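Quick notes on the structure that follows.
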Amino acid sequence: MKRTLTICKQLKEETKDQISEIALPPPMPKKLPPLIKLLVSQTPKIYQPAVAHAVFPALGAHLWKTYFRYIDNVEHEATLMCCLMAGTGAGKNCISEPINRIMADIRRQDRDNLQREKEWKKEMQTKGANKDKRQRPEGLVIQEIDPDMTNAAFVQRLADAEERFLYTKMNEIDQFDALKTSARSKAHFQIMCLAFDPGNIYGQTRVGTGSVSERVCIGFNWNASTTV
């Protein structure tokens, strides 16, 4: 009996050590690139590894037609996606403020263009069917999107972006389900995969003159969080 209790105690201690090793993030490098060092400078040390990983999709959204040669000798743009996994109440929201700072300039541009788009839509609604209607304004680049959108809206945003990256931050990975943008139940997974393929083609074709018919290259960076 005593021997059994001793073995059980040893197993319990070993399991506890293994869980602790799994739960702890990898140590931060002693030397960081200046930008990453700045972005984690106001973050408590325990959260710095999470922030250091999570800032890249938002940073990559600022690049346009900028290519890097990967280790497999294929040229890619800064297609970056980050899913932060941690337990409930573990502080996953630590990534929000650094991302808010990074995205501030894009959000200002988006706000102006959303207002332009809103005014154009309002103008279209006030005109009768037989009156001349102004074409959709040019330069409506709106990069930060809500994942809860139709396929037409998603394709239109990509077309308007003129090969710039779209970006979204989801507090829960389940929000990605809203990108089931058509009858295909797994369209959001297709979008995830295509976003990482150089020169990918995605779109929709419709007959109606007022419908969105575009074929575009998906540039889509995102952050999401979830429990393990």
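I'd like the full set of residues that are at pLDDT 80 or above and in a loop (DSSP other than H, G, I, E, B), limited to the stretch 118-138.
Gln135, Arg136, Pro137, Glu138
Let me spell it out: the conditions are (1) assigned to a loop (DSSP other than H, G, I, E, B); (2) under 20 Å from Ala224 (Cβ atoms), and Asn73 meets all of them except one. Which number is the exception?
Single failed check for Asn73: (2).
Have a look at Ala104, Ala52 and point out the one that is farther than 30 Å from Ala153 by Cβ, out of contact with any Phe, Trp or Tyr (no Cβ under 8 Å at 6 or more places or on another chain), in a helix (DSSP H, G or I) and at pLDDT 90 or above.
Checking each option against the conditions leaves just Ala52.
Can you report the number of residues in the stretch 55-70 which are assigned to a loop (DSSP other than H, G, I, E, B) and touching a helix residue (DSSP H, G or I) at 6+ places or on another chain (Cβ under 8 Å)?
Here the count works out to 2.
Return the pairs, sorted by first residue and then second, in which the second residue is outside any loop (DSSP other than H, G, I, E, B) and not charged (D, E, K, R), the first residue lies in the stretch 65-84 and is without any contact (Cβ under 8 Å) to a residue 40 or more places away in the chain and more than 13 Å from Phe165 (Cβ to Cβ), the beta carbons are less than 6 Å apart, and the residues are 6+ apart or on different chains.
Phe68/His76; Tyr70/His76
Mind checking which residues of the stretch 103-124 are of a type in the set (Val, Ile, Thr) and either open to solvent by 20 Å² or more (accessible area, probe 1.4 Å) or more than 22 Å from Cys83 (Cα to Cα) (or both)?
none
Looking only at the stretch 154-175, count how many residues are of a type in the set (Gly, Ala, Ser) and touching a Ser or Thr at 6+ places or on another chain (Cβ under 9 Å).
0
Give all pairs with beta carbons closer than 7 Å in which a residue from the stretch 143-164 that is touching a residue at least 24 places away in the same chain (Cβ under 8 Å) meets a residue that is among the aromatic types (Phe, Trp, Tyr) and open to solvent by less than 30 Å² (accessible area, probe 1.4 Å); count only pairs at least 6 apart in sequence or on separate chains.
Listed pairs, sorted by first residue: Gln143/Phe165; Gln143/Tyr167; Glu144/Tyr167; Pro147/Phe176.
Given the criteria surrounded by 12 or more Cβ atoms within 10 Å (Cβ to Cβ), under 22 Å from Ser41 (Cα atoms) and more than 10 Å from the chain's Cα centre (by Cα), does His62 qualify?
Criteria met by His62.
Find the residue count for the stretch 82-101, including only residues that are out of contact with any Ser or Thr (no Cβ under 8 Å at 6 or more places or on another chain), in a helix (DSSP H, G or I) and surrounded by 17 or more Cβ atoms within 10 Å (Cβ to Cβ).
Total satisfying the criteria: 1.
The values are calculated or read from the model by the stated rules, or taken from the named source; none is laboratory data. The model shown is predicted, which means the values in this text are computed figures rather than measured ones. In this analysis, Cβ positions are derived from the backbone assuming ideal geometry, glycine residues included, and neighbour counts consider all displayed protein chains. To get the accessible areas, we keep the full protein, side chains included, count just its heavy atoms, and leave off ligands, DNA and RNA. Shrake-Rupley method; radii C 1.70, N 1.55, O 1.52, S 1.80 Å.
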